[in-house]
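Take a look at the structure below.
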Amino acid sequence: MALSKGFSTPTGLQPEPRTPDKRLPTLLVVDDELEITESMADLFRHNYHVVTATSADEALELLRQQDVSVIISDQRMPGKTGSELLAEACLINPDAARIILTGYADLGAVIEAVNEGKIFFYLTKPWSSAELTTVVAKAMEHNSLLRDNRRLVKELRIFNAELEERVKDRTSQLVQQVKMASIGQLAAGVAHEINNPMGFITSNLGTLGKYMHKISEYLGIIEGGGDSASARSRLKIDFVFKDAGQLISESLDGAIRIKNIVTDLKSLSYEDTEGLVRSDVNRCLEIALNIAGNEIGKVANIEKQYGETTEIACHPQQLSQVFINLLNNACQAIEGQGTITVRTWYESGSVYATISDTGSGMPAEIQQRIFEPFFTTKEVGKGIGLGLSISYDIIHKHGGEITVESEIGKGTTFAIRLPGSHVE
Ligand SMILES: Nc1ncnc2c1ncn2[C@@H]1O[C@H](COP(=O)(O)OP(=O)(O)OP(=O)(O)O)[C@@H](O)[C@H]1O
Ligand SMILES: [Mg+2]
């Protein structure tokens with residue numbers, strides 16, 4: 001054990017057989033004279049993995065099999081010339097740097113190939129080893145630049161694809177957020193719409209309770225043989241009966257209003273994936289008005305000009321969503337008090353709906369961009385610019401169109417056309 005310490009194994013003392021190092025760049029030498037290919041192989045073997053060919057066809061075969069970085073070819077060879085070979089090599093491996101060695105007589109053809117981008121470098125005979133190694137080193141640099149470029153372009157493509165994917169994800173998150181926001185707004189609107197009738201129903205029931213007491217007191221007096229006439233006037237029994245009737249009918253109206261709101265809500269909460277159903281555009285608009293009405297009422301009076309019943313195959317909840325978006329925009333465009341006019345009509349196979357406001361209007365350059373996702377002129381927190389792009393998608397998915405006309409200081413009209421048959 002102690003003796004063998006520090007000695008190399010016998011095989012370690014032998015010169016190792018040369019095996020092509022795969023990490024070295026590959027240099028392909030093409031010449032019909034074997035002596036030349038051999039001397040070049042010798043010249044470059046320390047820095048390159050050298051492969052040789054004695055004809056253009058053999059060289060092309062090698063190019064198909066191996067990842068060659070640099071090609072050196074003689075110009076004059078039987079069969080294809082060097083410049084013809086390199087022109088074909090471009091198609092097999094466009095990154096390989098191509099060098100040609102030429103006699104003075106063929107220089108014209110070589111320069112033409114250089115001009116066409118098929119050859120990078122050329123050397124005229126006779127050349128020195130120093131010249132050749134310099135040119136090959138330059139060609140190598142060129143090749144690695146091309147490879148880097150290609151790798152960067154590939155990485156950039158992957159990066160772009162990832163980015164696109166992330167933007168898609170983020171957009172669908174935002175679309176979801178907008179939906180949630182409109183659900184929040186819807187909830188606030190609905191709460192108000194329900195609270196109001198609930199308020200008077202509760203108060204009416206309180207009054208009716210008091211009236212019940214009066215009636216039972218009155219009945220007690222009659223049963224006890226008391227003065228019914230004076231009790232009737234003291235307890236205002238006639239008024240109680242008359243008013244009770246009114247309170248009951250008012251409360252019933254309120255209850256029906258609540259029931260209608262709940263029905264509207266139900267029709268809005270159907271899943272988007274459900275198929276098309278036949279629905280009335282007027283009804284979709286009415287639902288939108290019921291929901292956004294609370295906000296609208298603060299800034300505008302609403303004029304409704306509904307045409308005849310206009311039933312079409314559609315996703316009614318999505319159409320209501322579009323109308324809510326348009327009504328919200330109209331509201332936000334009005335400074336002080338204004339008017340919002342909604343109009344629907346049927347004309348030659350299409351149903352039309354317009355929503356007009358007497359708001360600020362917009363200049364042409366803004367009108368051109370309003371349907372772009374995330375285009376907004378509103379301050380942070382007021383709008384993210386998705387309302388109209390979502391509406392645009394919905395209308396186009398229904399096979400319809402949405403257009404805008406606007407005049408600064410006068411107002412804006414959004415017009416929707418939906419294909420549909422008229423139902424009497
Ligand atoms: N009725 C209108 N009057 C004037 N400008 C409008 C009207 N409707 C839309 N716009 C303009 O178009 C822009 C885009 O509208 P869109 O509904 O897509 O987004 P937003 O209202 O800004 O935000 P979001 O709807 O996502 O809350 C608005 O910022 C506004 O400048
Ligand atoms: Mg909007």
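The C-beta contact set for the stretch 349-377 (first residue farther than 30 Å from Glu311 by Cα and hydrophobic (A, V, I, L, M, F, W, C), second residue within 15 Å of ligand 2 (Cβ to nearest atom) and part of a helix (DSSP H, G or I), distance under 6 angstrom, 6+ apart or interchain) is empty. Selection of first residues in the stretch 197-221 that are surrounded by 11 or more Cβ atoms within 10 Å (Cβ to Cβ) and of second residues that are outside any helix (DSSP H, G or I), restricted to Cβ pairs under 7 Å at least 6 apart or on distinct chains, gives the following pairs, ordered by first then second residue: Lys214/Leu235; Glu217/Leu235; Tyr218/Leu235.
When the criteria are applied in full, Ala96 meets the requirement of being surrounded by 15 or more Cβ atoms within 10 Å (Cβ to Cβ), under 17 Å from Leu24 (Cβ atoms) and out of contact with any Cys (no Cβ under 7 Å at 6 or more places or on another chain).
Residue count for the stretch 318-337 satisfying the condition of being within 20 Å of Pro363 (Cα to Cα) and more than 10 Å from ligand 2 (Cβ to nearest atom): 2. Restricting Ile390, Ile408, Ile366 to those that are within 10 Å of ligand 1 (Cβ to nearest atom) and either small (Gly, Ala, Ser) or at pLDDT below 90 (or both) reduces the list to Ile390.
Just one of the listed residues (Glu84, Glu58) is of a type in the set (D, E, K, R), farther than 14 Å from Thr102 by Cβ and in the same structural domain as Gly103 (by TED's automatic domain parsing), namely Glu58.
Considering only the stretch 104-126, I want to know if a residue exists there that is assigned by TED's automatic domain parsing to the domain that holds Val29, of a type in the set (Val, Ile, Thr) and modelled with pLDDT of 90 or more. Checked against the condition, which is being assigned by TED's automatic domain parsing to the domain that holds Val29, of a type in the set (Val, Ile, Thr) and modelled with pLDDT of 90 or more, the stretch 104-126 yields no hits at all. Within the stretch 315-373, the only residue that satisfies the criterion of being buried (at least 18 other Cβ atoms within 10 Å of the Cβ) and of a type in the set (D, E, K, R) is Asp357.
When the stretch 126-137 is filtered for residues that are touching a residue at least 40 places away in the same chain (Cβ under 8 Å) and surrounded by 15 or more Cβ atoms within 10 Å (Cβ to Cβ), the ones remaining, listed by number, are Leu132, Val136.
If you check Ile394, Ile384, Ile355 for being within 24 Å of the chain's Cα centre (by Cα) and within 13 Å of ligand 2 (Cβ to nearest atom), only one passes: Ile384.
Considering (1) within 16 Å of ligand 2 (Cβ to nearest atom); (2) within 27 Å of the chain's Cα centre (by Cα); (3) closer than 24 Å to Ser279 by Cα, say which one Ile340 fails and leave the rest. Only one criterion in (1) within 16 Å of ligand 2 (Cβ to nearest atom); (2) within 27 Å of the chain's Cα centre (by Cα); (3) closer than 24 Å to Ser279 by Cα is unmet by Ile340, namely (2).
The values are calculated or read from the model by the stated rules, or taken from the named source; none is laboratory data. This is a predicted model, so every value here is computed, not measured. For neighbour counting, all protein chains shown are included, and Cβ atoms are generated from backbone atoms with ideal geometry for every residue, glycine included.
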